[in-house]
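See below for the structure under consideration.
FYI, it's all coordinate maths here, none of it is from the lab. Being a predicted model, the structure only gives us computed values, none of them experimental. Don't worry about glycine lacking a Cβ; one is built from the backbone with ideal geometry, like all the others, and counts go over all protein chains shown.
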Amino acid sequence: MSNALLQSFFRVAVAQAIVVAGCALGLVLPVIADDAGDLQVVVKTTSHQAIEGQLITFSIDQGLEIMPDDADARRHFEAADIVRISMERPTYASSPPSLRLGLRGDDRLAGRVVGFRDDALLLETDTIGTVQVPLDWIRDLRTPAADTPKHRKNLEALLKQPSQVEDVLLLVNGDELRGFISSIDQAGVTLDSDPTSRLVEFDSLAACVLAATQPPGIAKEVRVRIHTSDGQRITGSKVRWSGPLLQVHAFDDSVVTIPADRLSHLEVMGGRWEWLSEFTPISYQHTAALGLPWHWKRDQSVVGSLLKIEGRTFEYGIGVHSECSLTFDLEGTYSAFVTSLGLDDRSGPFANVDVEIRVDGQIRYERSNISPGYLIGPLRLDVTEAKRIRLSVLFGKNADLQDRFDWIEPALIR
């Protein structure tokens with residue numbers, strides 16, 4: 001029997017064993033494609049390399065082993081030097097979820113409620129099977145009724161309240177109920193409020209916002225954030241990816257098993273690469289030519305939409321409007337700053353800006369007469385031992401008319 005055939009047989013046997021184990025635990029795992037063993041990926045590193053090849057294995061402690069398409073030998077990278085691992089994937093037709101969960105740490109899940117056990121919601125998803133989510137990890141819960149403008153506005157207002165001490169249920173009819181959620185199952189949400197307990201069925205529910213818990217701090221150790229093809233997002237402290245399955249430790253160290261062919265991409269967090277949009281600037285200055293104030297937006301355009309340039313959308317970035325400057329404290333601990341930039345596709349035809357980047361007061365990059373329709377970069381600037389960086393978008397030819405500008409995937413590298 002050939003080595004390739006033996007490897008294929010072994011992968012199928014392991015996959016079947018994991019599925020059997022999952023069924024024994026009462027969890028449902030999605031079907032794994034027979035050809036999931038060929039893990040063709042694109043790897044982005046802190047040196048800005050884009051490496052295409054076959055993933056051999058990846059874990060936080062052992063790093064990445066990859067066989068590049070343009071090389072005859074494997075290459076190894078430490079996990080801290082990896083920014084993103086993306087893979088080609090088929091498009092799956094997902095059933096409309098009955099529930100969307102916003103989780104601590106900005107993770108998210110969507111699916112159908114199938115039970116409640118040990119103070120945890122059992123959520124069946126299309127891409128990663130049934131996931132057991134502890135109740136105290138859930139930040140908010142939304143049904144399809146939450147998508148109306150009125151409910152979205154009320155939900156956003158509740159999420160902005162820093163000291164909410166009760167769970168709040170937003171009903172379809174506009175009423176609010178307050179108390180403490182004791183369970184969430186197929187029947188609906190059970191709310192305890194002195195002296196009664198009430199079941200609110202999902203048909204009557206728009207959304208829930210759970211009482212504020214101590215938010216997790218930014219972890220210092222290297223961790224991963226998993227993105228699936230249907231928009232699920234899970235952050236974990238440990239990961240093992242080899243063959244057709246990826247296992248990640250999430251939700252207080254519970255193990256979640258994900259078929260690799262359901263992945264969109266994997267990010268490494270807490271390594272040498274840090275997204276600038278996760279920082280808080282030490283100063284923000286805005287000058288409006290026509291007296292209209294604009295505030296900067298984290299991972300959104302300045303009007304609150306997806307970051308989009310040349311028809312491409314981006315998850316990380318900073319949206320601003322001319323004329324403005326953002327200053328960040330570097331503390332002398334970074335070696336490089338990288339970014340792409342341009343006017344958002346939602347800018348009008350009269351948009352025009354000038355840009356400059358200053359490091360410790362010295363201009364390191366400047367460009368004039370930037371018009372819509374062009375993504376500039378990526379740029380890479382040396383910031384070794386630098387204390388501060390200032391990103392400025394200045395008036396162009398038409399003052400601040402239609403100047404919706406995006407800093408795309410700005411990052412600092414240790």
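Using r as the Cβ-Cβ distance of SER283 and VAL165, and R0 as 41 Å, what FRET efficiency do you calculate, to the nearest 0.05? Write down the numbers at each step before the final one.
Values: r = 33 Å, r/R0 = 0.81.
The formula returns an efficiency of 0.80 here.
Once both labels are modelled 7 Å past Cα along the beta-carbon direction, what's the ARG198-TYR374 spacing in nm?
Going from the ARG198 label point to the TYR374 one covers 6.0 nm.
What is the chain's relative contact order, in percent, from Cα pairs under 8 angstrom and six or more apart in sequence?
Details: 995 pairs, mean separation 54.2, N = 414.
Normalised by residue count, the contact order of the chain is 13 percent.
ARG298 to SER95: FRET efficiency via 1/(1 + (r/R0)^6), r the Cβ-Cβ distance, R0 30 Å, to the nearest 0.05? Numbers along the way, then the final one.
Working: r = 31 Å, r/R0 = 1.05.
So the FRET efficiency works out to roughly 0.45.
Compute the length gained on full extension between PHE395 and GLU65: take 0.36 nm times their separation in residues and subtract their Cα-Cα distance, giving the result in nm to one decimal. List each step's numbers first, then the result.
On the way: separation 330, 0.36 × 330 = 118.80 nm, distance 4.73 nm.
Length difference between fully extended and current span is 114.1 nm.
Please work out the FRET efficiency for the pair ARG108 and SER305, using the Cβ-Cβ distance as r and a Förster radius of 22 Å; give the result to the nearest 0.05. If you can, show how the numbers build up before the last one.
Working: r = 18 Å, r/R0 = 0.83.
Taking R0 as 22 Å, the efficiency between ARG108 and SER305 is 0.75.
In the structure displayed, which of LYS160/LYS397; LYS160/LYS387; LYS44/LYS308; LYS238/LYS387; LYS153/LYS397; LYS160/LYS297 lie more than 26 Å apart, Cα to Cα?
Working: LYS160/LYS397 38 Å; LYS160/LYS387 32 Å; LYS44/LYS308 20 Å; LYS238/LYS387 33 Å; LYS153/LYS397 36 Å; LYS160/LYS297 15 Å.
From LYS160/LYS397; LYS160/LYS387; LYS44/LYS308; LYS238/LYS387; LYS153/LYS397; LYS160/LYS297, over 26 Å: LYS160/LYS397; LYS160/LYS387; LYS238/LYS387; LYS153/LYS397.
Can you give the extra length, in nm with one decimal, that the chain gains between HIS76 and LEU158 once fully stretched, where that is 0.36 nm per residue apart less the Cα-Cα distance? Present the calculation step by step, with values, prior to reporting the outcome.
On the way: separation 82, 0.36 × 82 = 29.52 nm, distance 4.61 nm.
My answer for the length gained is 24.9 nm.
Can you list residues whose amide H is under 5 Å from ILE60's amide H, if they're 5+ apart or on another chain and H is modeled 1.01 Å from N?
VAL239
Once both labels are modelled 7 Å past Cα along the beta-carbon direction, what's the GLU221-ASP382 spacing in nm?
3.6 nm
List, in order, the whole-Hz ³J(HN,Hα) value for each residue of the stretch 195-209 obtained from phi through the Karplus relation with A = 6.51, B = -1.76, C = 1.60 and θ = phi - 60°; use x for Gly and Pro.
With coefficients 6.51, -1.76 and 1.60, one gets x, 10, 10, 9, 8, 10, 6, 4, 5, 9, 10, 9, 6, 10, 10 Hz.
Could you work out how far apart the two model spin labels at ILE363 and PHE350 are, taking each label as a point 7 Å from the Cα in the direction of the beta carbon, and quote it in nm?
2.7 nm
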